[in-house]
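The values are calculated or read from the model by the stated rules, or taken from the named source; none is laboratory data. The shown structure was predicted, so the numbers you read here are calculated from the model rather than taken from an experiment. Reconstructed Cβ throughout: ideal geometry from the backbone, glycine too, with neighbour counts over all protein chains shown.
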Amino acid sequence: MTRPTMGAIDCDIHSAVPGLAALLPYLDEHWRDAASQRGVHDLESTSYPLRAPLTSRPDWRVPNGKAGSDIEQVRRQALDGFGSRAAILNCLYAVQTLFSEDMGAAFARAVNDWLAKEWLDRDPRFRASIVVPLQSPEFAVAEIERCAADRRFVQVLLPCLSDTPLGRRSHWPIYAAAEKHGLPVGIHAGSTYRHPVTPVGWPSYLTEDYVNQAQGFQTQLTSLVCEGVFNRFPALKVVLIESGFTWLPAYLWRLNKYWRGLRMEIPWVDRPPIDIVREQVRLTLQPVDAPVGTDDLMRVIDHMGSDELLLFSSDYPHWQFEGDDALPPELPDSLIRRMLIDNPLATYARIREDLS
């Protein structure tokens, strides 16, 4: 049975740049000429091959285009289809894969300006994450400062698999800027592909890549906790997007155990990691990687120890469920209300202030 999602805050919708030509008007003259003369290719989201089934459900595809590139279709299928009161656009245009820091910054600016003009201006229900050039923390901070003036940008977006662990101090200026402006940092499945997506080398198939993204999220969360990011930035919220969540209880038990035994190595982590995660980390619902039609899912959620961790997401247009069944049937109504509305509003201050 389809569970109602009317009034939800959808925390993960993917708006797709139709092609490089769509960004040219938003690049300054130098980079517009460079893109044309140097034959810069379209920066596809390499984690989601265009023709892979996971990339888009058949009924959410766009004829002769990228799924998620047609705003009218996204409105009809994602906003109206799920009855969402607001939705956060996470544009996975892979500016982080560019080796040139300057070009990465230019494309990030263009993507954000394109989002504001072509999406946010056309429907008041849309919000967006700020795409930043992670290859340069200095340029990333500058882009956060530039976009933060537009209250419709509600989050800073980073790829899960980056060149270095996200807890390293070189990234701390990004977190300082995000905390300053009350912006959560969203870490989304994806990679710069400088390094293999597994710790033992490059896989052969997309299936292996996608499954190993969860391990990447665990690595990044460990880095953020152990390097002291949450202690240094106590008001910062981190949202793990499209990470799955059923891995979390066993992972936290292991991290807590070794923190107790090895805490002399990281004395700045002055409280149990499980408490840090429950206070400052959130996870989006889809994909729900648990059996359907059993009580196993609720046991996992009970083991998470909090009903504040999960945020509703459709992950449109990625193929995570059939029809309108964005919610697993096992969830109680009390948790659904928190996940659809209360938790997103508590996480995203800008949305809360705008909708209150």
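Of the residues making up the range 165-181, those that are more than 16 Å from the chain's Cα centre (by Cα) and closer than 12 Å to residue 232 by Cβ are 167, 169, 171, 172, 173, 176, 179.
For residue 54, are the conditions met, namely being under 23 Å from residue 18 (Cβ atoms), within 20 Å of the chain's Cα centre (by Cα) and in a loop (DSSP other than H, G, I, E, B)? The answer is no for residue 54.
Inside the range 216-249, residues that are assigned to a loop (DSSP other than H, G, I, E, B), out of contact with any Ser or Thr (no Cβ under 9 Å at 6 or more places or on another chain) and within 20 Å of residue 346 (Cα to Cα) make up a count of 4.
Kindly establish whether residue 204 is assigned to a loop (DSSP other than H, G, I, E, B), of a type in the set (Gly, Ala, Ser) and crowded, with 18+ Cβ neighbours inside 10 Å. No, not satisfied. You will find that of 314, 334, the residue that is polar (S, T, N, Q) and either under 28 Å from residue 92 (Cβ atoms) or free of Cβ contacts under 8 Å to residues at least 24 places away in the same chain (or both) is 314 and no other. Residue 163 meets the conditions (1) outside any helix (DSSP H, G or I); (2) surrounded by 19 or more Cβ atoms within 10 Å (Cβ to Cβ) in every case but one. The failed one is (2).
When the range 98-118 is filtered for residues that are surrounded by fewer than 21 Cβ atoms within 10 Å (Cβ to Cβ), closer than 23 Å to residue 62 by Cβ and not basic (Lys, Arg), the ones remaining, listed by number, are 113, 116, 118.
Take residue 4 and tell me if it is within 23 Å of the chain's Cα centre (by Cα) and surrounded by fewer than 16 Cβ atoms within 10 Å (Cβ to Cβ). Considered against the rule, which asks whether it is within 23 Å of the chain's Cα centre (by Cα) and surrounded by fewer than 16 Cβ atoms within 10 Å (Cβ to Cβ), residue 4 comes out as no.
Yes/no per residue for (1) closer than 20 Å to residue 342 by Cβ; (2) surrounded by 13 or more Cβ atoms within 10 Å (Cβ to Cβ):
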{"site": "267", "(1), (2)": "no, no"}
{"site": "273", "(1), (2)": "no, yes"}
{"site": "276", "(1), (2)": "no, yes"}
{"site": "286", "(1), (2)": "yes, yes"}
{"site": "302", "(1), (2)": "yes, no"}
{"site": "323", "(1), (2)": "no, no"}
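For residue 265, are the conditions met, namely being more than 21 Å from residue 189 (Cβ to Cβ) and modelled with pLDDT of 95 or more? So residue 265 fails the test. Note on the range 13-51: residues that are more than 30 Å from residue 322 (Cα to Cα) and not in a loop (DSSP other than H, G, I, E, B) amount to 16.
The set of residues in the range 18-63 that are among the charged types (D, E, K, R) and either surrounded by fewer than 17 Cβ atoms within 10 Å (Cβ to Cβ) or touching a Pro at 6+ places or on another chain (Cβ under 9 Å) (or both) comprises 28, 29, 32, 33, 38, 42, 51, 57, 59, 61. Looking only at residues that are within 14 Å of residue 315 (Cα to Cα) and aliphatic (A, V, I, L, M) in the range 64-78, which one is surrounded by the most Cβ atoms within 10 Å (Cβ to Cβ)? Selected residue: 74. Just one residue in the set 128, 177, 148, 189 is closer than 17 Å to residue 107 by Cβ and in contact (Cβ under 8 Å) with a residue 24 or more places away in the chain; that residue is 128. Residue 261 satisfies every condition listed in (1) small (Gly, Ala, Ser); (2) in contact (Cβ under 8 Å) with a residue 12 or more places away in the chain; (3) over 20 Å from residue 164 (Cα atoms) except (2).
Of all residues assigned to the range 256-270, none qualifies as being assigned to a strand (DSSP E or B) and either among the charged types (D, E, K, R) or out of contact with any strand residue (DSSP E or B) (no Cβ under 9 Å at 6 or more places or on another chain) (or both).
Looking at this structure, is residue 176 surrounded by fewer than 22 Cβ atoms within 10 Å (Cβ to Cβ) and small (Gly, Ala, Ser)? Considered against the rule, which asks whether it is surrounded by fewer than 22 Cβ atoms within 10 Å (Cβ to Cβ) and small (Gly, Ala, Ser), residue 176 comes out as yes.
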